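For reference, the structure discussed in these notes is given below.
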Amino acid sequence: MNRKVWIILSVLALVLGSCAMMQSIVKSTFPYTTTLEIPKSSAVGVELSVSGMANSFDQDFKKDGNNADKVNAVRMVSASIESKDPTDFNIGNLSMLKVYMSKADGTDEVLVASRTDITPEVGNSMVLDIDNSNFLDQQVREPKVKIRMAYKLRHHIDVNASLHLVLGLGAYPNRDQ
């Protein structure tokens, strides 16, 4: 009897996992994350940028790394940044930052979040202002996306600073699938 239950649950999980509604819930639940490093050699008062690859936790369980063909109208819903190493790095050392998302090859880049009024003593974490005026359907259909962060330093920093970026997305089911 126990074996029948597992078979039924497995079939049910497969069916639900392939439906568009379930995929939109999954895509909206698991954020894209990446860690970006600001080198201590960065110049003060000049706009610079760093980039890295990001992916979503749900993509790690897909054979081809992508399930986004079942979703559309993907938009940014939240964005935050936090000091990772050193954990007490003051993000207020930055006077501004802008976050861009693109396909892995750098094409189709769009602004997704920014903060142009960073206070000097903001601390080690900060919520960013999102830009949800663009659909990100093409970007999230990639196994990974490229994240580029443009920034300006307010003060010289004495260490390389690793910042953990978390980008939350909202998605709707693709009715064509």
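In angstrom, the C-alpha Rg and Dmax of region 97-176 are 14.8, 53. Modelled spin labels at D105 and N124, positioned 7 Å past Cα toward Cβ, are 4.0 nm from each other. Counting only protein heavy atoms and using a 1.4 Å probe, what share of the accessible area of region 95-147 belongs to carbon plus sulfur, as a whole percent? With neighbouring chains kept in place, the figure for region 95-147 is 44 percent. Here each label is just a point 7 Å from Cα along the line to Cβ, and for L48 and R3 those points are 6.3 nm apart.
Remark: region 104-177 carries 52 Å² of accessible area per residue (probe radius 1.4 Å; ligands, DNA and RNA excluded). With the simple spin-label model, which puts each label point 7 Å out from Cα in the Cβ direction, the T35 to H164 separation comes to 0.9 nm.
The values are calculated or read from the model by the stated rules, or taken from the named source; none is laboratory data. Predicted model only: the values in this text are computed from it and were never measured. Using ideal geometry, Cβ is built from the backbone for each residue, glycine included, and neighbour counts are taken over all protein chains shown. The area values use the complete protein model at the heavy-atom level, side chains included, leaving out ligands, DNA and RNA. Shrake-Rupley method; radii C 1.70, N 1.55, O 1.52, S 1.80 Å.
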